[in-house]
Amino acid sequence: MKRHESMRALVIGSEGNIGKPLVSYLKNMGYAVLESDIRPRLRPGYLVADITHPLDLLPAFDWGPDVVFLLAAVVGRTTAEQAGSLAIATNLAGINNVLQLCKRAECMCVFISTSEIYGPACESMDETAVPQPANRYGLSKWLAEQMVDYEVRTSGLQAVTVRPCMVYDEMEDVGEHRSAMIRFAANLASGRPIEVHRGSARGWLHVSDAVRAIEAAGHVERHTVINIGHPDVVPMIELAEMIRLELGADHNLIRSVPIPAQITPVKHPSLERQRLLLGFEPHMRLQEGVRRVCAVQRRRTLSGAENGPVDKDTIEAPPSDRLQVPTGR
């Protein structure tokens, strides 16, 4: 494997909530990085392309990447249910297109899947368990994983599949389709109520840790599936209260509701492979992550009240809140 300084990384889905921090991390590690996303942009080192239209990606693969970080997808349970045709076209046909291009260019593929593939009926969130996805998002990602495995077995594709569990970032998009962390903070900062699923619990992985794990996956020499997440699983009611206290919000804004049948009550993935194969342990404590998320949401709320709605790209985190790049892996 080449040294970081001589490696070329193609990040597909570079404008997303994980893609942007990953690009920054890779550049700081010395990679030459080419970014690609469906979102229109005009800047050096960036290529506009839709993975469902692979011809537009040919220049990126002709560039000769050593590793492709494949993050592009229709993401999220609610989005994939509402836009089912788009989810299947992107998360299956689109992924297949990229896999064929990786084979053509003889480069490594790090495919970013999701912990949603397990589903509430799965007895354990262990990489050896047979997933039972309960929504179209998890199903499409599970089928895409099978395509990766198929190409590895039949065509010699070099690939690793990563299943992130509850990644969050203080600068991520805000919306009701996002994860509970950002929804809780955004709503409570604005004085709006939140609903907490009774009996639910999660471990939360800050994006500054997630990108370290994803980069490390590019150095795994044999195909495998790896969960990445935080070992400290916290009841969601405790997370909600932590955010409420940080924001000074009214305790009556927190409402406990029954958990829907299609949602996994407790996400507690096996993380042995992330330690053994990636040499990875999270650095960010939940308390610090919550502080950062709340600080940004507080600023967004104040800015919105003074100037009307603002785009997230217009709000810059203060120096202490920016992505911290650890030395080494």
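Structure summary
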item: Residue that is most open to solvent (accessible area, probe 1.4 Å), among those in the range 174-190 that are out of contact with any helix residue (DSSP H, G or I) (no Cβ under 7 Å at 6 or more places or on another chain) and assigned to a loop (DSSP other than H, G, I, E, B); result: R178
item: Any chance A83 is hydrophobic (A, V, I, L, M, F, W, C) and touching a residue at least 12 places away in the same chain (Cβ under 8 Å); result: no
item: Those residues of the range 108-121 which are without any contact (Cβ under 8 Å) to a residue 60 or more places away in the chain and farther than 13 Å from C165 by Cβ, in sequence order; result: C109, F111, A121
item: Filter pass, G175 being farther than 22 Å from G119 by Cβ and modelled with pLDDT under 95; result: yes
item: For N252: the one exception among (1) among the polar types (S, T, N, Q); (2) free of Cβ contacts under 8 Å to residues at least 60 places away in the same chain; (3) touching a helix residue (DSSP H, G or I) at 6+ places or on another chain (Cβ under 8 Å); result: (3)
item: Subset tally (residues that are over 23 Å from D209 (Cα atoms) and assigned to a strand (DSSP E or B)) for the range 1-54; result: 3
item: Residue in the range 23-33 that is among the charged types (D, E, K, R) and open to solvent by less than 10 Å² (accessible area, probe 1.4 Å) present; result: no
item: Leading residue by the ranking (least open to solvent (accessible area, probe 1.4 Å)) among those in the range 34-52 that are touching a strand residue (DSSP E or B) at 6+ places or on another chain (Cβ under 8 Å) and hydroxyl-bearing (S, T, Y); result: S36
item: Among (1) open to solvent by 10 Å² or more (accessible area, probe 1.4 Å); (2) over 22 Å from N96 (Cβ atoms) - the single one L55 does not satisfy; result: (2)
item: Members of the range 68-89 that are part of a helix (DSSP H, G or I) and open to solvent by less than 20 Å² (accessible area, probe 1.4 Å); result: A80, G84, A87
item: Every residue from the range 255-295 that is among the aliphatic types (A, V, I, L, M), farther than 23 Å from N135 by Cβ, under 19 Å from the mean Cα position of the chain (by Cα) and outside any loop (DSSP other than H, G, I, E, B); result: L286, V290, V293
item: Residue in the range 97-106 that is open to solvent by 20 Å² or more (accessible area, probe 1.4 Å), at pLDDT 95 or above, among the polar types (S, T, N, Q) and closer than 19 Å to A60 by Cβ present; result: yes
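The values are calculated or read from the model by the stated rules, or taken from the named source; none is laboratory data. The model shown is predicted, which means the values in this text are computed figures rather than measured ones. Here the Cβ is made from the backbone with ideal geometry for all residues, glycine too, and neighbour counts use every protein chain on show. For accessibility, only protein heavy atoms count, side chains too; no ligands or nucleic acids. Shrake-Rupley method; radii C 1.70, N 1.55, O 1.52, S 1.80 Å.
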